[in-house]
């Protein structure tokens, strides 16, 4: 099974709303021949591009290799949410790692969101960034938990800009009978992920980064310097960064043991009328709910509902993506149950057993970060900066992330697909019974 080819055409952006509305369509040549550089970055998603940009700012000669196109993977087709915090709540992090480490992790996550906003502002990246993300409680019993958690973050972590919303206040913003209340985080936000990533790539190239597309890495020789092989090139580099997340495949067995690929699905409706849109959201916020198999959605700049949801039980995308996404959409917005979808797509992201990112030194000069478990827009951007800082000799935050325990997924690659099916079935059952 090859996740780079099983669901999508190699070398071509999938037919997503983001690709159709992207500002840039630059195609870059493949790597050829013998190339020397300070750092070879593998992967043209947010981790790789952010790494390359921050390394170039420090004066390093950087070559970035992307198997398809910049933003072809999850970084260019996700829900576009720039969320605060880690994938786990602070209660869980305190229990797992202690209060001091939990506070440090909150600070790192805050830095990630700030970095995204700073990069957008500094480089004038046109990616429709807006503030505001709603957490929506799909069961009444989650409302009190949300109230308590908001209070905890305000009291113990000094968080401002985060507000608890009871049922009436919530429905004034999101008029759906499916939800019972929730919270509004004005520190978080949402954006057009492909335009954001392509904007970062443009800045990286202006700083001297050489980006090579359709340059799939087939082997890495772990030495000093390391040698990275594609079908047509050999890149000799003092350091190598692997930023492939869920698409790492057989390139590195250690990453593959700890980062498992799963699929998500999104549809973009036809353009809604102002009246239709007002019955979806009365403010330009993004939404993520409390289901285990999460629903997430927002309105695009041209008033389409971008709705992510549904589950599948293998690595091949379902043949009827319309039905997969429409099922949860009908529960949240029954009035749009038969709305036309102009775009529908799937994507592959990386998760870990703990749902905490996987940062590691794989050798003396090979580093990786991934497994962002759905929090990748902000955390992958920061991961790139931390990887660059580490190569430059400032490794404190990278080392903190790398010190977090990381259990491998059981069963190896042979059992990944059946284990994924079992896990998704279990989570779907929990949603139904909770």
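Just so you know, all these numbers are worked out from the coordinates, no wet-lab data involved. If you're wondering where the values come from, they're calculated on a predicted model, not measured in any experiment. Note: ideal-geometry Cβ built from the backbone for every residue, glycine included; neighbour counts use all protein chains shown.
Some notes on this structure:
- Prolate/oblate/rounded label for the stretch 74-180 (Cα gyration tensor, a/c 1.5): oblate
- Taken as Cα centroids, the stretch 20-83 and the stretch 289-345 sit 28 Å apart, rounded to the nearest whole angstrom.
- Residue-span extension gain [residue 23 to residue 219] - 0.36 nm each, minus C-alpha spacing: 67.2 nm
- Ordering 140, 192 by the number of other Cβ atoms within 10 Å of each residue's own Cβ, fewest first, gives 140, 192.
- The chain - mean residue ellipticity at 222 nm from DSSP helices (-39,500 (n - 2.57) per run, n ≥ 4, rounded to 500): -10500 deg cm²/dmol
- Across the chain, the mean sequence separation of Cα contacts (distance under 8 Å, 6 or more residues apart), normalised by length, yields a relative contact order of 23 percent.
- Highest mean packing comes first when the peptides 282-294, 37-49, 95-107 are listed by Cβ atoms within 10 Å, giving 37-49, 282-294, 95-107.
- For the stretch 349-384 versus the stretch 88-105, the gap between their alpha-carbon centres in whole angstrom: 18
- Antiparallel bridges, percent of DSSP beta bridges restricted to the chain (to nearest 5): 65
- Taking 0.36 nm per residue of separation and subtracting the current Cα-Cα distance, fully stretching the chain between residue 227 and residue 270 would add 10.7 nm.
- A Förster radius of 25 Å combined with the Cβ-Cβ distance from residue 303 to residue 89 puts the calculated FRET efficiency at roughly 0.15.
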